[in-house]
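Here is the structure we will look at, set down as structure tokens.
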Amino acid sequence: MTKHIFVTGGVVSSLGKGLTAASVALLLKRRGYSVKLQKLDPYLNVDPGTMSPYQHGEVYVTVDGAETDLDLGHYERFTDVDCTQESNYTTGRIYSNVIQREREGGYLGKTVQVIPHIVDEIKKGIKSLDADDVDIVITEIGGTVGDIESLPFLEAIRELRQEIGPENGIFMHVTLVPYIKAAGELKTKPSQQSVSLLRSIGIIPDILICRCEHSLEEEHKAKLALFCNVDRDLIIEEKDVANTIYEVPLDLAKQDVDVYLIEKLGLHVSSLDMSDWEAMVDTLVNPENGEVEIAVVGKYISLQDSYKSIYESLTHGGIANSVKVNVRMIESEEIERKSAEELLKGVDGVLVPGGFGDRGIEGKIAAVKFARENKIPYFGICLGMQCAVIEFARNVCGMEGANSAEFDPETKYPVIDLMEEQKKITNMGGTMRLGHWDCQVQKDTKAYAAYDEIDIKERHRHRYEFNDELKGKLQEHGLIISGISPESGLTEIVEMKPEDHPHFVACQFHPEFQSRPLKAHPLFKEFIKASMGV
Ligand code: GLN
């Protein structure tokens, strides 16, 4: 039977519940259990696909094409277990399922209500991950206890745990123990209050994960145990990490969180080996090969979470090359106001990530031009590939005014365009190429040197494509098509010849969703290597 761990958050948002859930999952996996993770988000959007990154940060894409919360990125990076459509449910998705069923007459004339119908639909979502080969499902409830929106989700986990019993379900509450400078003290009262809120809706946490800046003393733990009704051993400290988020599982393992959880779930505790993870953290903290500086030229730079997986993947590329990666974050519109020369001078590599809409596009194209002309390693991702193709068409092939039809529908040279079938669809929601697509890497290319295999699968999230009809002219001028979709013939990777540029590689997909700390994505690994001048 699949067992469940329910993760709630108290006191404030941004406590790192997702990281905690991911870290616990990693430890349980390393103890030999198959673990799946899931996030329940109490907002009304059906998924975050249509939200601005300013609202939500990055949209993380799963292999099966779900557009999801960025916490799923932590889940996959820590556990290396693929998430799916079932890994992220929002209030909007739950309601939309219930309303659709109501319209179809599925409730047989009953009055449809939050309790039981919405709550039942949430329970169905949680149980959708139960399977013979899944030992433990960890479900993170977004938001903070006390929010009106999260109530149906909390009721659902309360009911579910009642149904499956305490030996099969655990409540883990992540809370804040703030340090009050003026008093020089850690305060447990906010956590007590948040647990009391949980208790008022029938949930008594089994384990408390206490986020804090300073270590908890014995007296704090005793107080929390007594007033929150939690075993003293299950008051766990999660102090701010010194260097990297990848230290979190190691810190939690030192306190045997995983052992307590496994015992509480009545499972067998086998040994834990984290030596490879420790070595990875050590390389990240003490790299052997100095540092490189990478410019990331984007449109949502001011919000760190907008390019979360990109920054993490650059870090992975650094680990793989034992080098520290410093990121110079550049707002593409800033390049339009000043110049690429002024803002990019001195960087070792330039990366243009994905994006939508025309704001800042010319700044990105100027960044590509700067990298190409100055022979600085360039890595274009999705929109970053489209900008590379536009720049190459305009400035190498002389196709004046070349553009993507997304930004200039009247352009004479639509080097990036919608496919014919997509032009006919008016509902934009239905036109994205999402999730895994096969790609064939062409031999004797930089892409092949990176992947060392021909058949790969990468994740997509875009509408526009490299325009096959104009491909000939770009190839004549030296652009190499190094990755092709076997199904459609669409161009997936382009690059410049080694004699023309030391490292100019761009892909239509999003490799950042498949990079892991112990297994950097090959394209990131090679980009960092090139940026080191190796
Ligand atoms: N806006 C471009 C498209 O829709 C690129 C999307 C992206 O970078 N994810 O094709």
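Every read-out reported here was derived from the displayed coordinates using simple, explicitly stated rules and does not represent laboratory data. Bear in mind the structure is a predicted one, so any value in this text is a computation, not a measurement. Don't worry about glycine lacking a Cβ; one is built from the backbone with ideal geometry, like all the others, and counts go over all protein chains shown.
Sorted from fewest to most neighbouring beta carbons within 10 Å, what does the list H173, H462 look like?
Ascending Cβ contact count within 10 Å gives the list H462, H173.
Taking the Cβ-Cβ separation of D233 and V134 as r and a Förster radius of 35 Å, what is the calculated FRET efficiency to the nearest 0.05?
0.85
Could you give the size of the charge dipole of the chain about its Cα centre, using +1 on the Cβ of each K and R and -1 on the Cβ of each D and E, expressed in debye and rounded to the nearest 20?
Numbers: 58 positive and 86 negative charges, 162 e Å.
Dipole size: approximately 780 debye.
Tell me, what is the FRET efficiency for V112 and M51 to the nearest 0.05, using R0 = 25 angstrom and their Cβ-Cβ distance as r?
0.40
How large is the translational diffusion coefficient of the range 257-299 in µm² per second when you combine the Kirkwood radius over alpha carbon pairs with Stokes-Einstein at 25 °C and 0.890 mPa s?
D = 172 µm²/s.
Can you pull out the trypsin sites (Lys or Arg not before Pro) in the range 22-97 whose DSSP state is coil and whose Cβ has at most 16 other Cβ atoms within 10 Å? Before the final figure, lay out the partial values.
Numbers: sites: K29, R30, R31, K36, K39, R77, R93; in loops: R31.
For trypsin sites (Lys or Arg not before Pro) across the range 22-97 that sit outside H, G, I, E and B with at most 16 neighbouring Cβ atoms in 10 Å, the list is empty.
Considering all alpha-carbon pairs of the range 49-98, what whole percent are spaced by more than 13 angstrom?
On the way: 725 of 1225 pairs.
Tail of P(r) above 13 Å: 59 percent of Cα pairs.
Given H placed 1.01 Å from N in the peptide plane, which residues other than close sequence neighbours of R211 have an amide H under 5 Å from its amide H?
T175, L176, V177, E238
Work out the length of the dipole vector of the range 1-96 about its Cα centre, built from +1 on the beta-carbon of each Lys and Arg and -1 on the beta-carbon of each Asp and Glu, and round it to the nearest 20 debye. Walk me through the numbers on the way to the answer.
Working: 9 positive and 11 negative charges, 112 e Å.
I would put it at about 540 debye.
Evaluated at 20 °C with a viscosity of 1.002 mPa s, what Stokes-Einstein diffusion coefficient in µm²/s does the range 50-201 have when Rh comes from the Kirkwood expression over alpha-carbon pairs?
It comes out at roughly 119 µm²/s.
With a cap of 15 neighbouring Cβ atoms within 10 Å, and only residues DSSP puts in a loop, list the chymotrypsin sites (Phe, Trp or Tyr not before Pro) found in the range 315-414.
Loop-located and lightly packed - F356.
Which GluC sites (Glu not before Pro) in the range 341-404 sit in a loop by DSSP (not H, G, I, E or B) and have at most 14 other Cβ atoms within 10 Å of their own Cβ?
E400
Mind checking the dipole of the range 240-308: about its Cα centre, +1 per Lys or Arg Cβ, -1 per Asp or Glu Cβ, Debye to the nearest 20?
Its charge dipole is roughly 380 debye.
For the range 288-395, what number of Lys pairs, 8 or more residues apart or on separate chains, have alpha-carbon atoms under 25 Å from each other?
Lysine pairs satisfying the spacing and distance rule in the range 288-395 number 20.
Strictly greater than 46 Å: what percent of every Cα pair in the chain meets that?
The answer is 18 percent, as a whole percent.
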